[in-house]
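The values are calculated or read from the model by the stated rules, or taken from the named source; none is laboratory data. Just so we're clear, the structure is a prediction, and the values are computed from it rather than from any experiment. Every residue, glycine as well, gets a Cβ built from its backbone with ideal geometry; the counts of neighbours run over all protein chains shown. Note: accessible area is taken over every heavy atom of the protein model, side chains too, but ligands, DNA and RNA are not part of it. Shrake-Rupley method; radii C 1.70, N 1.55, O 1.52, S 1.80 Å.
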Amino acid sequence: MNFKDLGLSSKILRAIEELGYEEPTPIQEKSIPAILEGRDLVGSAQTGTGKTAAFALPALHRLGKHGKCRVLALAPTRELAIQIEENFRIYGKHLDLRLALLYGGVKYGKQLEQLGNEPDVVVATPGRLLDHIGQGNLKLKSIEILILDEVDRMLDMGFIEDVTKIIQKTPRSRQTLLFSATIPDSVRRLSAWALNNPAEAKIDIKISAADTVSHALYPVPAIQKFDLLIALLKEVKFENLIIFFQTRRGTDKISRWLSEHGQEVRVLHSDLKQRDRQQALQDFKEGKVKILSATDVASRGLDISNVTHVINYDVPQHSEDYVHRIGRTGRARTEGEAFTLCKPEEIPLVESIEKLLGNPLPRKFLDHFAYRDQPETLTPSAPVVSRKRNRGFGKQVSFGSRRRR
Ligand code: AMP
């Protein structure tokens with residue numbers, strides 16, 4: 001199938017062609033026809049699958065001429081909101097589109113200006129959107145398409161009341177598009193309440209976590225985690241790399257240590273000012289630094305292309321977060337590697353990730369690294385390979401194949 005078959009307008013097709021997209025991704029193939037028909041939709045897909053275009057392209061197609069704020073896209077984080085707005089702008093570059101981007105942590109001036117300009121598309125985080133509505137800067141009476149992105153994340157972050165309030169302020173006749181990486185009961189309930197006989201577009205989590213990313217688990221005594229990280233950074237040929245941490249304090253501390261070891265790093269977590277977060281992201285995206293240290297703020301929704309490696313310094317507490325974290329690499333059909341450093345206490349977390357993925361994570365040990373404990377004590381039951389002796393290992397194992405060496 002190609003984009004022309006989907007029935008998108010020529011101006012949108014031109015933008016897609018200029019971007020070099022050759023064919024729709026599976027989530028786009030499944031979502032776009034139903035959205036163009038005007039149906040509500042539940043899309044279950046994570047970032048990296050092309051889900052933003054899956055809702056933005058048909059929404060733009062349906063938007064037609066200027067009018068007052070007819071598409072509203074809600075996102076859980078400012079970074080994701082910024083990215084969605086960017087995508088709408090790029091896909092709609094030949095459409096004479098007016099956009100407004102609303103998120104907290106910054107002054108109101110520019111946002112008020114954009115709202116005064118009668119935007120066609122508003123992209124917002126819930127809190128700031130409600131502030132604007134409360135101040136009478138915007139009404140939602142003319143919303144025709146409501147997009148709720150990363151809804152599982154939105155609910156995890158405690159936005160359920162805000163999201164419910166916002167939905168209630170939009171007309172019942174609206175078209176509602178709900179996207180979520182996972183569909184737990186809370187998302188299902190929201191969907192049953194807010195959507196009308198939705199079409200479903202589902203991309204299997206296992207496939208999207210799998211295809212282009214090779215995974216490895218590096219068991220290590222807790223006390224040697226940082227040393228192993230330094231050793232891995234020397235060993236691995238990365239172009240750019242995101243290191244994920246569980247806590248903001250951990251992110252700051254290890255990043256400081258990395259700088260002391262001569263590694264230039266930018267830090268991204270929610271304690272930082274919005275300006276600093278944006279700057280860190282921009283420096284990383286532009287290649288000014290090769291390493292970004294982040295909490296899970298960065299794991300969802302961010303479109304950072306060409307990330308060659310992801311390292312989980314801490315095993316994520318929620319197994320879905322593993323999928324989101326590694327979703328930063330291997331995007332849009334390029335290959336990536338994902339390493340997880342695991343101290344013995346984190347093994348139960350690894351087991352639940354393996355259960356979610358339906359595959360074991362291959363254990364690896366770094367040659368020439370002076371482990372304080374024997375491999376058997378670090379990883380009780382799993383088979384072990386060494387990185388040096390099995391250099392090609394990671395590349396050849398992909399989820400779904402169950403091929404092991
Ligand atoms: P998303 O899942 O929306 O974050 O998109 C992930 C990346 O895939 C973005 O960099 C998009 O520009 C890119 N992308 C989206 N659709 C396509 C497509 N059909 N072909 C190639 N790349 C795409």
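Taking every Cα-Cα distance in region 3-203 and sorting them into 5 Å bins from zero, the calculated P(r) comes out as 1, 8, 18, 22, 22, 16, 9, 4, 0 percent. Sites listed here are GluC sites (Glu not before Pro) in region 208-298 whose DSSP assignment is loop and whose Cβ has at most 10 other Cβ atoms within 10 Å: 239, 286. Setting aside same-chain residues fewer than 8 positions from residue 30, which lysines have a Cα under 16 Å from its Cα? Partners found: 4, 51, 202. To the nearest ten degrees, helix 10-19 and the longest principal axis of the Cα atoms of the chain are 20 degrees apart. Expressed as a whole percent, the accessible area of the chain that falls on carbon and sulfur atoms is 46 (1.4 Å probe). Note on residue 14 and residue 256: with the Förster distance fixed at 60 Å, the Cβ-Cβ geometry gives a FRET efficiency of about 0.80.
Beyond 36 Å, the tail of the calculated P(r) for the chain holds 26 percent of the Cα pairs. Ignoring lysines fewer than eight residues from residue 11 along the same chain, the ones with Cα atoms less than 18 angstrom from its Cα are 65, 93. The listed peptides 146-158, 51-63, 130-142, 335-347, ordered by packing as a protection proxy, come out as 51-63, 146-158, 335-347, 130-142 (highest mean of other Cβ atoms within 10 Å first). Between 99, 336, 219, the Cα set farthest toward the positive side of the dipole of the chain (charges on each charged residue's Cβ, about the Cα centre) is that of 99.
Remark: for residue pairs 253/285; 237/273; 253/355; 141/273, the C-alpha separation exceeds 26 Å in 237/273; 253/355; 141/273. About its Cα centre, the dipole of the chain is roughly 240 debye, where the only charges are +1 on Lys and Arg Cβ and -1 on Asp and Glu Cβ.
Among the chymotrypsin sites (Phe, Trp or Tyr not before Pro) in region 89-172, those located in a DSSP loop and surrounded by at most 16 other Cβ atoms within 10 Å of their own Cβ are 108.
When you filter the trypsin sites (Lys or Arg not before Pro) in region 216-290 for DSSP loop state and at most 14 other Cβ atoms inside 10 Å of their Cβ, you are left with 237, 273, 288.
With protein chains left intact and a 1.4 Å probe, residues in region 103-196 average 47 Å² of accessible area per residue. Rounded to the nearest 10 degrees, the angle from helix 26-36 to the longest Cα principal axis of the chain is 10 degrees. With a cut-off of 19 Å, note down the residues of region 68-101 whose backbone N falls inside the zone around a label point 7 Å from the Cα of residue 288 toward its beta carbon. Flagged as within label range: 79, 83.
At 222 nm, what helix-only mean residue ellipticity would the chain give, in deg cm²/dmol to the nearest 500, using -39500 (n - 2.57) for each DSSP H run of four or more? My calculation for the chain gives -11000 deg cm²/dmol from helical runs alone.
The long axis of helix 248-260 is offset from the longest Cα principal axis of the chain by roughly 60 degrees.
So for region 1-120, Kirkwood radius off the Cα pairs, Stokes-Einstein at 37 °C and 0.692 mPa s: how many µm² s⁻¹? Intermediate values should be presented prior to the final figure.
Values: Rh = 15.1 Å.
Rounded to a whole number, D works out at 218 µm²/s.
Per-residue extension of 0.36 nm, minus the Cα-Cα distance of residue 276 and residue 160, leaves a gain of 39.0 nm for this segment.
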